[in-house]
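Quick notes on the structure that follows.
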Amino acid sequence: MSERVVRLAALADIHFGKNSVGSLQPLFTQISQCADIFVLAGDLTDYGLPEEAQLLAKDLSVAVRIPIVSVLGNHDFESGHQKEVAEILSASGVKVLDGEACELLGVSFAGVKGFAGGFGQRVLAPWGEATVKLFVREALDEALKLESALSRLRTQHRFAILHYSPIQATVEGEPLEILPFLGCSRLEEPLNRYPLTAVFHGHAHHGSYEGKTKSGVPVFNVAHSLMQRRTPERTFHYQEVILTDEAVPKS
């Protein structure tokens, strides 16, 4: 039985702005040299401006020679140009997921932005004012999109990419007052129903690196500032998976 190793580098919250040109090229080059797939878990731009997306796309195209898969984050929605941001990145070769699934090098990914709402028994309920119900509806819609994408994964190793956290463990370390705005347990529910190798998210810059869903799926917070503090010599999450001959795509 033949085996093949696929190497993943995951990162979030790079917040690429108009003054970021060239600043991340050494990091992008390092990732391109040591990994086979680059995963970006949201907040790719600083203000969600098309100009920022164009500059980021150019820097990525110069330094990265491996497939890139991503989701958008809340910063990418800030200016209301999230569709254009996604289109610019997609045109440069980045696979931007929003409720879709894709396969790269025999590994499959499901991706959504996610949303806020809190965790466990204190998750926000759709009760009271219409505005509260709309807020909860957004989280439910993101969870449904995630479920749909997960149902289409078919490879041996399967990953979910989000921006908001699906569990509380990886946002702990942030101020207690903002924990409900960093993720939502509604996103965890579909993750528990499918066999996954791992989940990547960002958003919680001062959170914790690792946790698990109730079903035992590893969850990694790959926010750039967190990774800089954790492993200064390698400021991204690195993971290897082994594909057996059944999982290797036929040429």
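Worth pointing out:
- Among the residues of the range 141-167, the ones that are under 17 Å from Gly99 (Cα atoms) and part of a loop (DSSP other than H, G, I, E, B) come to 8 in all.
- Subset of the range 205-225 [assigned to a loop (DSSP other than H, G, I, E, B) and over 12 Å from the mean Cα position of the chain (by Cα)]: His205, His206, Gly207, Ser208, Tyr209, Thr213, Lys214, Ser215, Gly216, Val217
- If you go through the range 151-203 and keep only what is more than 25 Å from Phe38 (Cα to Cα) and among the hydroxyl-bearing types (Ser, Thr, Tyr), you end up with just Ser185.
- Counting only residues that are among the small types (Gly, Ala, Ser) and either surrounded by 19 or more Cβ atoms within 10 Å (Cβ to Cβ) or under 20 Å from Phe115 (Cβ atoms) (or both), the range 209-218 holds 1 of them.
- From the list Thr197, Thr213, the one residue that fits, being among the polar types (S, T, N, Q) and in contact with a Lys or Arg (Cβ under 9 Å, 6 or more places away or on another chain), is Thr197.
- The range 71-83, subset part of a helix (DSSP H, G or I) and charged (D, E, K, R), residue nearest to Ala149 (Cα to Cα): Lys83
Listed here are the residues, each with its yes/no results for (1) surrounded by fewer than 24 Cβ atoms within 10 Å (Cβ to Cβ); (2) within 23 Å of Gln156 (Cβ to Cβ); (3) of a type in the set (D, E, K, R).
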residue: Gly22; (1), (2), (3): yes, no, no
residue: Gln25; (1), (2), (3): yes, no, no
residue: Thr29; (1), (2), (3): yes, no, no
residue: Cys34; (1), (2), (3): yes, yes, no
residue: Val39; (1), (2), (3): no, yes, no
residue: Gly42; (1), (2), (3): no, no, no
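- Looking only at residues of the range 225-237 that are in contact (Cβ under 8 Å) with a residue 24 or more places away in the chain and out of contact with any strand residue (DSSP E or B) (no Cβ under 6 Å at 6 or more places or on another chain), we find that the one that is surrounded by the fewest Cβ atoms within 10 Å (Cβ to Cβ) is Arg234.
- Scanning the range 1-14 for residues that are in contact with a strand residue (DSSP E or B) (Cβ under 7 Å, 6 or more places away or on another chain) and surrounded by 14 or more Cβ atoms within 10 Å (Cβ to Cβ) gives Arg4, Val6, Arg7, Leu8, Ala9, Ala10, Leu11, Ala12, Asp13.
- Inclusion of Ile167 among residues that are aliphatic (A, V, I, L, M), modelled with pLDDT of 95 or more and either out of contact with any helix residue (DSSP H, G or I) (no Cβ under 7 Å at 6 or more places or on another chain) or surrounded by fewer than 16 Cβ atoms within 10 Å (Cβ to Cβ) (or both) is not warranted.
- Within the range 84-98, being out of contact with any Gly (no Cβ under 8 Å at 6 or more places or on another chain) and either farther than 26 Å from Arg158 by Cα or in a loop (DSSP other than H, G, I, E, B) (or both) holds for Glu84, Ile88, Ser92, Gly93, Val94.
- Across the range 168-187, the qualifying residues are those that are under 14 Å from the mean Cα position of the chain (by Cα) and either free of Cβ contacts under 8 Å to residues at least 60 places away in the same chain or part of a helix (DSSP H, G or I) (or both), and the one among them that is farthest from Gly111 (Cα to Cα) is Thr170.
The values are calculated or read from the model by the stated rules, or taken from the named source; none is laboratory data. The structure displayed is predicted, hence computed values, not measured ones. Reconstructed Cβ throughout: ideal geometry from the backbone, glycine too, with neighbour counts over all protein chains shown.
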